[in-house]
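The values are calculated or read from the model by the stated rules, or taken from the named source; none is laboratory data. All of these numbers come straight from a predicted model, not from anything done at the bench. Every residue, glycine as well, gets a Cβ built from its backbone with ideal geometry; the counts of neighbours run over all protein chains shown. What goes into the accessible areas is simple: the full protein's heavy atoms, side chains included, and nothing from ligands, DNA or RNA. Shrake-Rupley method; radii C 1.70, N 1.55, O 1.52, S 1.80 Å.
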Amino acid sequence: MIKPPGPKGTLIWGALGEFQEDTLGFLVRSAENYGDIVRFRFAHMQAYLINNPELIKQALITNADCFDKHTRSAKQIRATCGDSLLSFNQLTWARHRKLIQPVFQPRFVETMDDIIDQQTAHMMERWYLLAETGEAVDIVSEINQLVIQISTRALFSSELDTNKIEQALTVLLNDTWRRLQAPFVMSSLSPIFHKRPFKQALSEVDKMVFNIISKRRDENTTHDDVLSRLLSAHQGNGDIKLTDSELRDAVITLLLAGHETTANALAWSFYLLAEQPHKIPTNMDFKNVFLETVRLYPSIWIIERRTIKPTKIGDYVIPKGTSVLISPYVLHRHKDYWKTSDQFDPDRFSEAECDQRPRNAFLPFGLGEHRCVGLHMATKISTRVLEIAHKQFRLQLVSKNIPQPNPGITLRHNQNILVRVKRNQPT
């Protein structure tokens, strides 16, 4: 059987060392050097990178029944999120998807304007003071705080300790990525082997979430938030409500995935606008700014599937049990579909430009039945915050070093991004 080309690496570890040393650069170079299907060996494991819109459609839609999510990444994420939308258990995933998807339809997301406006207004008040003093602020931390405040109110209608939540989520994400990079971790044998900081962070988040669920079940009042909608959701005609444990898994998944991915993308948007202030017209379409940002820096930078039987993709048959990787970060730099792909250019998402590209050349939210349920919410939050901030302020970069994307469970920034806020001059 003919195998796709790919880097050989070392005798024992294969390409694992290169992957760990410069993950994004290694994947981009591999696609450029070996083509749209690349074969890797990571120690004892095989992986195939697919980097072509039509071939990706084969994997995620046409031949989706040949793949499952019983992957190393799903297993490690499950330690935090339990059985939910990120689960490798198909029945659990289908149940949660059916209950959660209607909550995030565009008509419900449109009701979030007041929440976004109120929380952004608090940030604008701080920025007016910063503009007066000239004090620099870390835009990454600033946006993280804003998005988690918006997210907790949209999810729970509750005031929570956002600093505590942010710190706990950071520990959970970092530890999950650490375990994913290691060839073997003891916690795979039993949860008792998880590191203490991970256990403590998970306990903190669980305590807050279960407390909110318990209070909400005891209340007679109705809230217009995601939790209330989930509490009243039923499964088809079985009339089976989500248990507290299922609600916990769903809420933590939404909080972890929704807050983290949106905050990362929005912070990158502010950085890109601050880096190139001359490219900001007064009538800028901030939805296009957001789309171009998640092209350059997709928060979900890699998608993993496992073949459950030999599966033909393009000219190659991928063996059963093989890890298949799809990287939006790499795909969004494919020279056949994106000219000057490393440059920030929101005009790529004009209607005329979009009509010239294959639809599946842009996958920041995935594809097929596992497409992100929160895409409308992320777009709404990011677009509206950018519009509000842009009307009042411009950002001036203070950081001398250019931030680089830091791949983990999501695509974070490798450093703080210091900026000064400048009030817009009246026209």
Top-ranked residue in the range 58-71 [being surrounded by fewer than 21 Cβ atoms within 10 Å (Cβ to Cβ) and either touching a His at 6+ places or on another chain (Cβ under 9 Å) or basic (Lys, Arg) (or both); ranked as modelled with the highest pLDDT]: Ala64
Only residues that are over 18 Å from Thr80 (Cβ atoms) and not hydrophobic (A, V, I, L, M, F, W, C): list them for the range 145-170, please. Gln145, Gln149, Arg153, Ser157, Ser158, Glu159, Asp161, Thr162, Asn163
With the first residue restricted to the range 291-305 and required to be at pLDDT 95 or above and of a type in the set (D, E, K, R), and the second required to be open to solvent by 20 Å² or more (accessible area, probe 1.4 Å) and part of a loop (DSSP other than H, G, I, E, B), Cβ contacts under 7 Å at 6 or more apart or on different chains are Glu292/Asp345; Arg295/Phe362
Would you mention how many residues in the range 331-350 are aromatic (Phe, Trp, Tyr) and more than 21 Å from Lys57 (Cβ to Cβ)? 1
Index of the failed condition, Ile139 passing every other in (1) out of contact with any strand residue (DSSP E or B) (no Cβ under 8 Å at 6 or more places or on another chain); (2) open to solvent by less than 40 Å² (accessible area, probe 1.4 Å); (3) within 21 Å of Lys380 (Cα to Cα): (1)
Of all residues in the range 114-131, which are among the aromatic types (Phe, Trp, Tyr) and either open to solvent by 10 Å² or more (accessible area, probe 1.4 Å) or not in a helix (DSSP H, G or I) (or both)? Tyr128
From the residues in the range 164-199 that are at pLDDT 80 or above and of a type in the set (S, T, N, Q), which one is most open to solvent (accessible area, probe 1.4 Å)? Gln167
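The rows are residues; the columns are (1) open to solvent by less than 30 Å² (accessible area, probe 1.4 Å); (2) within 16 Å of Thr322 (Cα to Cα); (3) outside any helix (DSSP H, G or I).
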residue	(1), (2), (3)
Leu27	yes, no, no
Asn33	no, no, no
Val38	yes, yes, yes
Arg41	no, yes, yes
Tyr48	yes, yes, yes
Ile56	yes, yes, no
The helices (runs of 4 or more DSSP H) lying entirely within the range 136-236 that contain at least 3 residues which are closer than 30 Å to Val398 by Cβ are 139-156, 162-181
Scope the range 39-65; condition more than 29 Å from Thr10 (Cβ to Cβ) and out of contact with any helix residue (DSSP H, G or I) (no Cβ under 8 Å at 6 or more places or on another chain); matching residues: Gln58, Thr62, Asn63, Asp65
Residue under question is Gly321, and the condition is that it be out of contact with any Cys (no Cβ under 8 Å at 6 or more places or on another chain) and in a loop (DSSP other than H, G, I, E, B); does it hold? yes
So which residues in the range 383-421 are in a strand (DSSP E or B), closer than 19 Å to Val147 by Cβ, open to solvent by less than 50 Å² (accessible area, probe 1.4 Å) and not β-branched (Val, Ile, Thr)? Phe393, Leu395, Pro405, Leu411, His413
Residue by residue through the range 236-278, note down the ones that are modelled with pLDDT of 85 or more and among the hydroxyl-bearing types (Ser, Thr, Tyr). Thr261, Thr262, Ser269, Tyr271
Check the range 332-339 and report whether any residue there is part of a strand (DSSP E or B) and open to solvent by 20 Å² or more (accessible area, probe 1.4 Å). no
Do you know which residues across the range 101-113 are in a helix (DSSP H, G or I) and open to solvent by 20 Å² or more (accessible area, probe 1.4 Å)? Gln101, Pro102, Pro106, Arg107, Phe108, Glu110, Thr111, Asp113
Between a residue in the range 266-278 that is part of a helix (DSSP H, G or I) and any residue that is open to solvent by 10 Å² or more (accessible area, probe 1.4 Å) and among the charged types (D, E, K, R), which pairs come within a Cβ distance under 7 Å, given they are 6 or more apart or on different chains? Pro277/Arg394
In the range 249-270, residues that are within 18 Å of Tyr329 (Cα to Cα) and among the β-branched types (Val, Ile, Thr) total 2
Only listed residue being in contact with a Gly (Cβ under 9 Å, 6 or more places away or on another chain), part of a helix (DSSP H, G or I) and closer than 27 Å to Asp249 by Cβ, chosen from Lys98, Lys75: Lys98
What pairs come out if I take residues in the range 370-381 that are under 9 Å from Val109 (Cα atoms) and pair them with residues that are open to solvent by 20 Å² or more (accessible area, probe 1.4 Å) and part of a helix (DSSP H, G or I) whose C-beta lies under 7 Å away, six or more apart or interchain? His376/Pro106; Met377/Gly258
Consider Tyr329 carefully, then state whether it is assigned to a loop (DSSP other than H, G, I, E, B), hydroxyl-bearing (Ser, Thr, Tyr) and in contact (Cβ under 8 Å) with a residue 24 or more places away in the chain. no
Could you tell me which of the residues Pro298, Pro310, Pro328, Pro364 is loosely packed, with under 14 Cβ neighbours inside 10 Å and not acidic (Asp, Glu)? Pro310
Tell me the residue from Asp347, Asp355 that is farther than 27 Å from Arg41 by Cβ and in contact (Cβ under 8 Å) with a residue 12 or more places away in the chain, please. Asp347
